[in-house]
1. So which of Ser140, Ser60 is of a type in the set (Ser, Thr, Tyr) and surrounded by fewer than 14 Cβ atoms within 10 Å (Cβ to Cβ)?
2. Gly85 fails exactly one of the following numbered conditions: (1) buried (at least 16 other Cβ atoms within 10 Å of the Cβ); (2) in contact with a helix residue (DSSP H, G or I) (Cβ under 9 Å, 6 or more places away or on another chain); (3) part of a loop (DSSP other than H, G, I, E, B); (4) of a type outside the set (A, V, I, L, M, F, W, C). What is the number of that condition?
3. Given the criteria assigned to a strand (DSSP E or B) and within 15 Å of the chain's Cα centre (by Cα), does Leu131 qualify?
4. Has the range 89-111 got at least one residue that is touching a Pro at 6+ places or on another chain (Cβ under 8 Å), surrounded by 17 or more Cβ atoms within 10 Å (Cβ to Cβ) and of a type outside the set (Phe, Trp, Tyr)?
5. Can you name every residue in the range 94-128 that is assigned to a loop (DSSP other than H, G, I, E, B) and at negative phi?
6. Conditions first: (1) assigned to a strand (DSSP E or B); (2) at pLDDT below 90. Gln147 passes all but one, so which condition is the exception?
7. If only one of Glu99, Glu104, Glu120, Glu125 is modelled with pLDDT of 90 or more and of a type outside the set (A, V, I, L, M, F, W, C), which one is it?
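The values are calculated or read from the model by the stated rules, or taken from the named source; none is laboratory data. Just so it is clear, the model here is predicted, and its values are computed rather than measured. Cβ atoms come from the backbone with ideal geometry, glycine included; neighbour counts cover every protein chain shown.
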Amino acid sequence: MNYSVPHGRGAACRAPSSHARKPEAFLLCVFALSLMPVSPSAYAQEKSRPTLKICYPHYSYPETLASLRRLDLKDSEVVTFDEGGRPGPKAHLRAGKCEVRFKETSYWLGLKWSMVLQNEPSETEIAVAQLDLVETAGSSSDYGVVQVFQLKEGRLSVVQQILFNTR
């Protein structure tokens, strides 16, 4: 995914940490892959090369949060990341939607769903959210974005992002 705005600083793509190798992370990836559309035509599969980009950004939002159960992505800032894990454009969602216009391009971001996962009280809370992303310039590109969040020192952190095309 190519962004037309300068990338922020402070994020880096890194190898998955030990928490990303847990079965929960594997199940999240399998779940995200199951959301990708399947084309019935072999010709269409060749012609439209599927996009699947996974990164492990090192990014924390500046605000503090007591619990992921208090997370409200419908009315908050959301950051998406490029394939290198660098922050891209920030979107300020209102009622779960945002449209941002630049000189020659624009993008639309909408929250599809979010949930908190925790099997046992002793386990770390993990939040997962799926967003729809549409970028326009000369043509348009539709993506699905799944982000995995954890609390680190009271701050909301994005630990994984999966980006896939939806056409």
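1. Numbers: Ser60 fails: surrounded by fewer than 14 Cβ atoms within 10 Å (Cβ to Cβ).
The match here is Ser140.
2. Single failed check for Gly85: (2).
3. Values: assigned to a strand (DSSP E or B): yes; within 15 Å of the chain's Cα centre (by Cα): yes.
When the stated conditions are applied, Leu131 passes them.
4. So in the range 89-111, the residues touching a Pro at 6+ places or on another chain (Cβ under 8 Å) come out as 100, 107.
Next, from what is left, pick out any that are surrounded by 17 or more Cβ atoms within 10 Å (Cβ to Cβ): 107.
Add one more test, that the residue is of a type outside the set (Phe, Trp, Tyr), and what stays is none.
Taking every residue of the range 89-111 in turn, none turns out to be touching a Pro at 6+ places or on another chain (Cβ under 8 Å), surrounded by 17 or more Cβ atoms within 10 Å (Cβ to Cβ) and of a type outside the set (Phe, Trp, Tyr).
5. Within the range 94-128, the first condition is being assigned to a loop (DSSP other than H, G, I, E, B), and the residues that meet it are 95-96, 102-105, 118-125.
Answer for the range 94-128, where residues must be assigned to a loop (DSSP other than H, G, I, E, B) and at negative phi: Phe102, Lys103, Glu104, Thr105, Gln118, Asn119, Glu120, Pro121, Ser122, Glu123, Thr124, Glu125.
6. (2)
7. Testing whether each residue is modelled with pLDDT of 90 or more and of a type outside the set (A, V, I, L, M, F, W, C) leaves just Glu99.
For (1) within 22 Å of Tyr59 (Cα to Cα); (2) touching a residue at least 24 places away in the same chain (Cβ under 8 Å), each residue gets a yes or a no:
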residue	(1), (2)
Gly85	yes, yes
Ala91	yes, no
Leu117	yes, yes
Val128	yes, yes
Thr136	no, yes
Gly144	yes, yes
